[in-house]
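Notes to accompany the following structure.
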C-alpha cells in the first residue's frame, strides 16, 4: 500500500497545484525527442524534482519535466524525459509516472523512444506493432494494484491496432519515411553484441532499445490505450560498421525532429 499511497500523493500534488482536468493524451518523449514539447500552445512546465517521489534521469536528452499544453486544440501532457532501469532505478520507480498519469484519469498514451535498427535505416520512424519483453524485469511483479487492473492482464494487443493504422496513414499522407515492426527491450546500458543482434533478428525483431516496454506493460495494466513510436537512430551492432555511441543517438533524433513533430501533431489530430 505504501507504493499506492505515493502514487496518490503525487496525483494530489499535481491536482492541487495545476489544472489537470480534461487532459486527453499523455506522451512520453525519448532521448533527443524532447523538441515536440517546445511546440505546444500555452505550455506549463513542471520539474520532476517538484513532484513528490518523481525521480530524475541523468541521461543526455532528458529534461526531467512535465509539460502541459495544447496541440491541435487538444490538451495534452508530456513527459520530457524518463527514468531507466539501467540507471539503478527499480521498475516501480521507472513506471511511477505512468501510474500517476493513469490515476489522473488519462486514458490515451503515446510512448516514444530512440532505438537501434535491425532492419530499415537510420533516421526512419517505426510504429511499434508489438514488443519482445523476455529481458524485462516485469514491473507488475509484487502486490497487484487492483485499483488499476487485474492480476494477470492480457497482452495480446498492447499497442492499439486502430491507432497503428492511423499513424501509418498519417505518415503516408505527410510523406514521412515510416514503417512498423517489433521492438525489443534490453536492459542496457551496454549496447548489444553482434551475436545478440543476429539472434534477435532471427526472432523477427526490428528495433532494440532500453525503455518503453516497462511503461507499456504498466499502461496496459492501467487500461490505457497505447501507441508506440521508435526513432531509428542507428543501425545495431554488427549491422553498422562503426562503434555505437549515445552522441549519435542524440544527433540523429535532432536531424529527424521535424518529421517526428509533424507526425505527432498529425496523429494527435486523429486520436
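Can you work out which of the residues in the range 94-119 that are over 11 Å from the mean Cα position of the chain (by Cα) and in a helix (DSSP H, G or I) is surrounded by the fewest Cβ atoms within 10 Å (Cβ to Cβ)? Out of the qualifying residues, it is 103.
Screening residue 34 against (1) crowded, with 18+ Cβ neighbours inside 10 Å; (2) closer than 30 Å to residue 142 by Cα; (3) modelled with pLDDT under 95 leaves a single unmet condition, (2). State which residue is surrounded by the fewest Cβ atoms within 10 Å (Cβ to Cβ) when the search covers only the range 178-201 and only residues that are touching a strand residue (DSSP E or B) at 6+ places or on another chain (Cβ under 7 Å) and part of a loop (DSSP other than H, G, I, E, B). Within the range 178-201, the match that is surrounded by the fewest Cβ atoms within 10 Å (Cβ to Cβ) is 193. For residue 204, the conditions (1) in contact with a strand residue (DSSP E or B) (Cβ under 7 Å, 6 or more places away or on another chain); (2) touching a residue at least 24 places away in the same chain (Cβ under 8 Å) all hold with the exception of (2).
The set of residues from the range 77-93 being farther than 19 Å from residue 7 by Cβ and more than 15 Å from the chain's Cα centre (by Cα) comprises 86, 87, 88. Of all residues in the range 152-177, those satisfying the criterion of being assigned to a loop (DSSP other than H, G, I, E, B), modelled with pLDDT of 95 or more, crowded, with 16+ Cβ neighbours inside 10 Å and touching a helix residue (DSSP H, G or I) at 6+ places or on another chain (Cβ under 7 Å) are 153, 158. Residue count for the range 125-150 under the criterion of being in contact with a strand residue (DSSP E or B) (Cβ under 7 Å, 6 or more places away or on another chain) and crowded, with 21+ Cβ neighbours inside 10 Å: the result is 5.
The values are calculated or read from the model by the stated rules, or taken from the named source; none is laboratory data. Keep in mind that what you see is a predicted model, and the values were worked out from it rather than measured. FYI the Cβ positions are ideal-geometry reconstructions off the backbone, even for glycines, and counts take in every protein chain you see.
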